[in-house]
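To keep things clear, I will list the structure first and then write my remarks on it.
The values are calculated or read from the model by the stated rules, or taken from the named source; none is laboratory data. Here the structure is a predicted model, which means the values were calculated and not measured. Methodologically, a virtual Cβ is constructed for each residue, glycine included, from the backbone with ideal geometry; neighbour enumeration extends over all protein chains shown. Accessible surface is based on the protein model in full, side chains and every heavy atom, while ligands, DNA and RNA are left aside. Shrake-Rupley method; radii C 1.70, N 1.55, O 1.52, S 1.80 Å.
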Amino acid sequence: MSIPTATPNEPTTNSSSSTNTGEPHGDAKDVLAALGEPYGAVSRVFWRQFLLACVLGPLMGVLSALYLTCTDWLPRKWLGSFDFGQGVFGAGEWWWVGVTAGTGLVVGVGKVVLRFDYAAGFFTELRTQHVDFVRASKVFVLSIISLAGGASLGPEWGLGCLGGSIGAWWSWYRDLPRKQRAQNTLLGLSAAMGALFPSPLLGTLMMHELANPRTFRHFMRSIVLTSTAAVSSMCVFLTLQNSTFFPELVHTIPISLYNFYTFHTWHAAVAILFGVAAAVVGALSLVVIGICQRLFGLLRRRLPAGPVGVILSPTLGGALFGLVTVWLPNTITSGSNQLFVIILHGLPSSSVSSSSAAVASTFSTAFLLLTAFGKALALGLCKGSGFFGGIIFPFFVIGTCVGCCVHRAFADSLPALLCVSCFMVAVPAAFCPIPITLVLIATSTFVFGAQQSIPIFVSVVCSHLCGAGLGYLQRALQRGAAADSIAVPAPPPPPLPRGDSRQRRTAALNSPSSDPSAKRRAGTSPPRPTPAVVPTITVSGINSSVVEPTDDTEREQPHNQHDPLREALLP
């Protein structure tokens, strides 16, 4: 009887090995562990959501074109042919004060007419994957009014409310489980962001950087669905608009800037210093915004209660904001149209070619620094007084101004595009937990290669580490909220499904106005339903404590579970 021997290239096997039993082993087992379950074949839920993404994408492409036309074209229409490259203090028009104050008046009246009370912020909606479509529709209307009047805010909040509310409404209408509602809301948000940035990849990536990962049953499943919505939205948007809202600056800035920028390894070390400086700039900007919000909070306490106070606050804020734009014209609107003006006129003449030297260096260093401060002040006045819009896009302007100043101080050693690209996204990175999205925004905006993205990545990570990573921003925001004694309301729980009568009866029994005898007939005092979200407000309004939702095929409360209230109410 011969004993089997193993050669160097053939391992010994026996009858109990995984080869004979048909089980995967080796590389096959490793690949199967990475792939997970086949999300497109286990149920029909995926294909329903895929069909919803195919419908939401083109729909949001059309609605985004209309929304951005109102918020971008209207301000350019009433601003006319104003030259933002003058670089002179007080070059703005005084009639802008009347426009911004009138916009605040309309916003205040709109809040009274729509009975607006509270709405969750953009980051909170992404984190919780829940949008109250009633409140979100009000935010969408008021955001159009604010941005059309030139408010120094971004369009991401209103556009996100529009897309998220459509997905949330459809889920409520179809009486879907909680996890499907979260995924459909994410589809609407991704379709909305797909038309905003230079690439739909950025919208999809932002969704997964901010959203709660526990709601993803399968990561690639969510990637496929959100990418379908974002890509189809951008294709329709580009068909209607021919360009994205956030432009590619390579078509507007001198090409000679790229000739002067060659990556060296020591640029990564310099980017560390850029990140630290950007974190300081971001923190100071948040301080300015916080002071404005606190002052307007104190003002609202002294204003008459009721509609008069609601209208006066944005009207006064709009007037003060208009005065800032008169002295610093580049602080008006979101700033996406002023980025190339700041880069072109804020760099020294030696950084551009001779053909562009006549228009370069018209902004002094003092003017750039005051523009950055004025942008933070304008953002604080708009947010504090009650205008509606996002905060990410204005910080791009602040970072660009600081980047131009740094290059002017070290023009002989640091390339212009190195300074501008790093500071443009490193300043918002101090408080925005979307580092990969910010890096890709800079690389796609300036059309950089792989090596040019290294300093941007280093500066973004260092900025977030020094700002939010070490907890300085969180402690400052908490101290400011405690000193102001302003309670931040929590996002409301999702609306009850239309067909779930049992939950509606339970909620009716729990209400203070319900008949006490009904509780006695039930035999016990019914427990209050657990809310879907237990919020913990942190920096940037992100909700960090979220109850994990149930599976796609599960309900919040199984029908076979013993419930004395159900037994008392139902035969």
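Odds and ends about this structure:
- In the range 208-231, of all residues being surrounded by 23 or more Cβ atoms within 10 Å (Cβ to Cβ) and at pLDDT 90 or above, the one that is farthest from L51 (Cα to Cα) corresponds to A230.
- Highlighted here are the helices (runs of 4 or more DSSP H) found entirely within the range 27-105 that include at least 3 residues which are over 28 Å from the mean Cα position of the chain (by Cα) and of a type outside the set (G, A, S): 27-35.
- Filter pass, G108 being in contact (Cβ under 8 Å) with a residue 24 or more places away in the chain and part of a helix (DSSP H, G or I): yes
- Test: residue in the range 112-124 that is touching a Pro at 6+ places or on another chain (Cβ under 9 Å) and at pLDDT 90 or above: yes
Every residue, every condition in (1) surrounded by fewer than 20 Cβ atoms within 10 Å (Cβ to Cβ); (2) of a type in the set (D, E, K, R); (3) over 18 Å from L159 (Cβ atoms), yes or no:
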position: W95; (1), (2), (3): yes, no, yes
position: G98; (1), (2), (3): yes, no, yes
position: G104; (1), (2), (3): no, no, yes
position: V109; (1), (2), (3): yes, no, yes
position: V112; (1), (2), (3): yes, no, yes
position: A119; (1), (2), (3): no, no, no
position: Q129; (1), (2), (3): no, no, no
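- Counting the residues of the range 413-441 that are open to solvent by 10 Å² or more (accessible area, probe 1.4 Å) and of a type in the set (V, I, T) gives 2.
- Some residue of the range 245-268 being over 19 Å from F448 (Cβ atoms), touching a helix residue (DSSP H, G or I) at 6+ places or on another chain (Cβ under 8 Å), part of a helix (DSSP H, G or I) and open to solvent by 30 Å² or more (accessible area, probe 1.4 Å): no
- With respect to (1) modelled with pLDDT under 90; (2) among the aliphatic types (A, V, I, L, M); (3) open to solvent by less than 10 Å² (accessible area, probe 1.4 Å); (4) under 22 Å from G102 (Cα atoms), the lone exception for V326 is condition (1).
- The residues of the range 133-147 that are open to solvent by 20 Å² or more (accessible area, probe 1.4 Å) and more than 18 Å from L56 (Cβ to Cβ), listed by number, are V134, R135, K138, V141, I144, I145.
- Check on A411, within 25 Å of V341 (Cα to Cα) and either out of contact with any helix residue (DSSP H, G or I) (no Cβ under 8 Å at 6 or more places or on another chain) or not in a helix (DSSP H, G or I) (or both): yes
- Subset of the range 454-493 [closer than 22 Å to F197 by Cβ, more than 22 Å from the chain's Cα centre (by Cα) and either open to solvent by less than 30 Å² (accessible area, probe 1.4 Å) or modelled with pLDDT under 80 (or both)]: P455
- Residue check for S444: part of a helix (DSSP H, G or I), surrounded by 23 or more Cβ atoms within 10 Å (Cβ to Cβ) and not β-branched (V, I, T): no
- Test result for G104, modelled with pLDDT under 85, in contact with a helix residue (DSSP H, G or I) (Cβ under 6 Å, 6 or more places away or on another chain) and closer than 19 Å to F388 by Cβ: no
- Check on K375, of a type in the set (K, R), assigned to a helix (DSSP H, G or I), at pLDDT 90 or above and open to solvent by 10 Å² or more (accessible area, probe 1.4 Å): no
- Filter pass, L299 being touching a Ser or Thr at 6+ places or on another chain (Cβ under 7 Å) and open to solvent by 30 Å² or more (accessible area, probe 1.4 Å): yes
- Unmet requirement for G384, which otherwise passes all of (1) open to solvent by less than 20 Å² (accessible area, probe 1.4 Å); (2) modelled with pLDDT of 95 or more; (3) within 25 Å of L299 (Cβ to Cβ): (2)
- Pairs with Cβ under 6 Å, 6+ apart, first in the range 54-76 and hydrophobic (A, V, I, L, M, F, W, C), second open to solvent by 50 Å² or more (accessible area, probe 1.4 Å): A65/L240; A65/Q241
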